[in-house]
Amino acid sequence: MSDAEGSMRPSPKALPFHNEPLADFSRKELRAAMQLALDDVASQFGIEAPLIIDGKAIDTRKQLASHNPSKKSQVVGTASCATPEQAEKAIEAARRAARSWGRVPHERRVEHMELLAAEMRNRRFELAAWIVYECGKPWSEADGDVCEAIDFCMFYAMQMRELSIPVHCDLPGEENRFSYRPRGVAVVIAPWNFPLAILTGMVAAALVAGNTVVMKPAEQSSIIASKLMEIAREAGIPDGVLNFLPGIGEEIGPTLVESPDVDIVVFTGSRPVGLAINKAAAETSPLQTSVKRVIAEMGGKNAIIVDEDANLDEAVQGVIGSAFGFSGQKCSACSRVFVLAPCYDPFLERLASATASLKIGPALDPATSLGPVIDLAAKQRIEDYIALGKEESRLVYGGDVGPLEKEGFFVAPHIFADVDPQSRLSQNEIFGPVVAVIKVSSIDQAFEWANATEYALTAGLYSRSPRTIDRARKELEAGNIYINRPITGAMVNRHPFGGYKMSGIGSKAGGRDYLLQFLIPVTVTENTLRRGFAPPSEDETET
């Protein structure tokens, strides 16, 4: 592009990106491969995962035990538990490595990410098996977790290739170059509900942009995180560039967030923790050389609206998948359904009947559609909300887990009707298989009540009305709006994911803007109307 004023060379279009195909477990050979991986992983139970700081394995006296949520007596493995002093050492290692890693050509960093993805493909069912055991994800959910991790590596590698090409806007006698540099040291604090995908996405974005990382996984999923660390080392990530720091958040979190040597804090988890991180990171130490950047995804209280002209069969299936997939333990899960009065009763009847057909069971069983919740604390919290719902609302469906109660952390799906839109059941994030169904008199009321929450992550609409669909696009307050489909299952590039209001700080994961948060834009302007040339240096002469 050029004109009389100057010239600009835009960066090229991104290369084609294709999401990793999900496994079709109706195919016998894939079921056999997954079962073989499950058997192999089970034979490794009891493994010990050390800290990895500056390439050195460190065992600690205090250990974190990972239990199988489907069988709570079963210990999947143990991880060393870092102290604040070890957190400081990990940050120091990352800081030492930051200068050299930031100067590594982007092509090499991109290759590291592609090697990560390739090794995940090679170990796909093994990684999925660890997720099944450690986090209680059913087969398809665990496989999707691995696929998304692969997608993050490949997509951010592709994006970095594009961003690494400087943009020029030159005039006669003046050259202007716009490019990016890494920020420095990133602390990644990850959740357990997408133990590989979200962790990999945050780590890969930081690394491919040239930052070094201290990786702090959730306590419940430290073994899966140790596998990512193992793969990263096999992919040739240099010592100190990625440091593995399992530990208890309350113990090492303040050290990680408040350190003056940390430039970026990347977090996914609950709103209270996310807001505390944002507040702590905003306190500027005299030792800091930069203002910390916080990227935080903090959950949602997500709604689906069912219009009176909606296909109720599709709406019921969409709500069930969105509300009860992975036992409702997704930040994008549907927990509120606003139904227009003319179809309220038939919708409730169909929803209850369809929910009753869900098979509750251990994640190991390929027939399971609803597995356990993550741990005892989660189970008790969800059951408290169920008790509250029984007091304040009408229970339409409440399943029974039967003998599974003694085996693991199981909670049956529950559906409540006639829920007050301002009640705790309708406003608080529950993170479990509990859904509130609310009757509305008009589509105007549906939009108003759907938006009447502090969160803005996902929202959905089932309708056949073009006018209502157009209104949903414009009026629903959510970062991800889904029309006539489930509101979970965002895919990298196709559905960049993230919210606003109290749902998050920063741009969307898996989208074109995400990497920019890990980079510093720099403009270099040179006057080219110089008089003569400097004599060559000794080094240039030798060259």
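The values are calculated or read from the model by the stated rules, or taken from the named source; none is laboratory data. The structure presented is a predicted model; accordingly, all values stated were derived computationally and were not measured. Every residue, glycine among them, receives a Cβ derived from its backbone with ideal geometry; neighbour counts consider all protein chains shown. Ligands, DNA and RNA are stripped out before the accessible areas are found, and what is left, the full protein with its side chains, is counted by its heavy atoms. Shrake-Rupley method; radii C 1.70, N 1.55, O 1.52, S 1.80 Å.
Using a Förster distance of 35 angstrom, determine the FRET efficiency expected from the C-beta separation of F178 and E230, and round it to 0.05.
Numbers: r = 38 Å, r/R0 = 1.09.
With a Förster radius of 35 Å, E is 0.40.
So which GluC sites (Glu not before Pro) in region 273-343 pass both tests, a DSSP loop state and at most 13 other Cβ atoms within 10 Å of the Cβ? Before the final figure, lay out the partial values.
Details: sites: E283, E297, E308, E314; in loops: E283, E308.
Those satisfying the criteria are E283.
At 1.4 Å probe size, with the rest of the protein present, what percent of the exposed accessible area of the chain is carbon and sulfur atoms?
Details: 12090 of 23420 Å².
Reported share for carbon and sulfur atoms: 52 percent.
Taking the Cα centre of region 147-300 as origin, work out the dipole magnitude from +1 charges on Lys and Arg Cβ and -1 charges on Asp and Glu Cβ, in debye rounded to 20. Could you put the intermediate results ahead of the total?
Numbers: 11 positive and 17 negative charges, 25 e Å.
Charge dipole of region 147-300: 120 debye, to the nearest 20.
Could you point to the residue in G55, N302, A157 farthest towards the positive end of the chain's charge dipole, with +1 and -1 charges on the Cβ of Lys/Arg and Asp/Glu respectively?
Result: N302, furthest along the dipole toward the positive end.
Can you give the angle from 0 to 90° between the axis of helix 249-258 and the longest principal axis of the chain, with both taken from C-alpha atoms, to the nearest 10?
30 degrees
Counting other C-beta atoms within 10 Å, and keeping those with at most 11, which DSSP coil GluC sites (Glu not before Pro) do you find in region 47-124?
On the way: sites: E48, E85, E88, E92, E107, E111, E114, E119; in loops: none.
Nothing satisfies the criteria.
Probe of 1.4 angstrom, ligands and nucleic acids ignored: what's the accessible area per residue over the chain, in square angstrom? Don't jump to the answer; show the numbers that get you there.
On the way: 23420 Å² over 543 residues.
Normalised by residue count, the accessible surface of the chain is 43 Å².
Where does helix 222-234 land angle-wise versus the long Cα axis of the chain, in degrees 0 to 90, nearest 10?
Helix 222-234 sits at roughly 30 degrees to that axis.
Using all alpha carbons of region 347-443, what is the percent of pairwise distances in each 5 Å bin, ordered from the shortest bin to the longest?
For region 347-443, the binned pair fractions read 2, 13, 23, 23, 19, 12, 5, 2, 1, 0 percent.
Which one, I469, L519, A436, projects farthest toward the positive side of the charge dipole computed for region 393-543 from Cβ point charges (K/R +1, D/E -1)?
I469
Give, to the nearest whole percent, the P(r) tail of region 438-543 beyond 18 angstrom, counting all Cα pairs. Mind showing how you got there, number by number?
Numbers: 3638 of 5565 pairs.
Roughly 65 percent, rounded to a whole number.
Within the chain, which is the longest segment that contains none of the trypsin sites (Lys or Arg not before Pro) sitting in a DSSP loop with at most 13 other Cβ atoms within 10 Å?
Details: sites that count: K13, R27, R61, K62, R103, K359, R464, R494, R530, R531.
Value returned for the longest uninterrupted segment is 104-358.
Compute the whole-percent fraction of alpha carbon pairs in the chain spaced more than 34 Å apart.
Numbers: 61541 of 147153 pairs.
The answer is 42 percent, as a whole percent.
Rg (Å, one decimal) plus Dmax (Å, integer) for the alpha carbons of region 409-489?
Calculated on Cα positions, Rg and Dmax stand at 13.4, 44 Å.
Can you compute the helix-only [θ] at 222 nm over the chain? Use -39500 (n - 2.57) per DSSP H run of at least 4 residues, normalise by all residues, nearest 500 deg cm²/dmol. All intermediate terms of the calculation are to be shown ahead of the outcome.
Values: 17 runs with 210 residues, N = 543.
Taken over the chain, the calculation gives -12000 deg cm²/dmol.
Hey, what angle do you get for helix 271-282 against the long axis of the chain, alpha-carbon based, 0 to 90 degrees rounded to 10?
Roughly 20 degrees, rounded to the nearest 10.
Given 0.36 nm per residue, what is the gain on full extension from L36 to H168 after removing their alpha carbon distance, in nm?
Working: separation 132, 0.36 × 132 = 47.52 nm, distance 5.37 nm.
Here the segment from L36 to H168 would lengthen by 42.1 nm.
May I ask you to compute the full-extension gain from A280 to F17, defined as 0.36 nm times their residue separation minus their alpha-carbon distance, rounded to one decimal in nm?
Extending this stretch completely gives an extra 90.9 nm.
Please figure out what share of the DSSP beta bridges in the chain is antiparallel and state it in percent, rounded to the nearest 5. Numbers along the way, then the final one.
Working: 35 of 78 bridges.
In the chain, approximately 45 percent of DSSP beta bridges are antiparallel ones.
Give the cross-link partners of K390 among the lysines, using a straight C-alpha distance below 29 Å as the criterion and excluding same-chain residues fewer than 8 apart.
K71, K72, K137, K301, K330, K359, K379, K406, K439
Dipole size in debye (nearest 20) for the chain around its Cα centre, Lys and Arg Cβ +1, Asp and Glu Cβ -1? Could the numbers behind the result be given before it?
Details: 56 positive and 70 negative charges, 29 e Å.
For the chain, the charge dipole is close to 140 debye.
Determine the gain in length on full extension of the stretch R485-I58; use 0.36 nm per residue of separation and subtract their C-alpha separation, reporting nm with one decimal. Don't skip to the end; give the middle numbers.
Numbers: separation 427, 0.36 × 427 = 153.72 nm, distance 4.70 nm.
Once the chain is fully extended between R485 and I58, it gains 149.0 nm.
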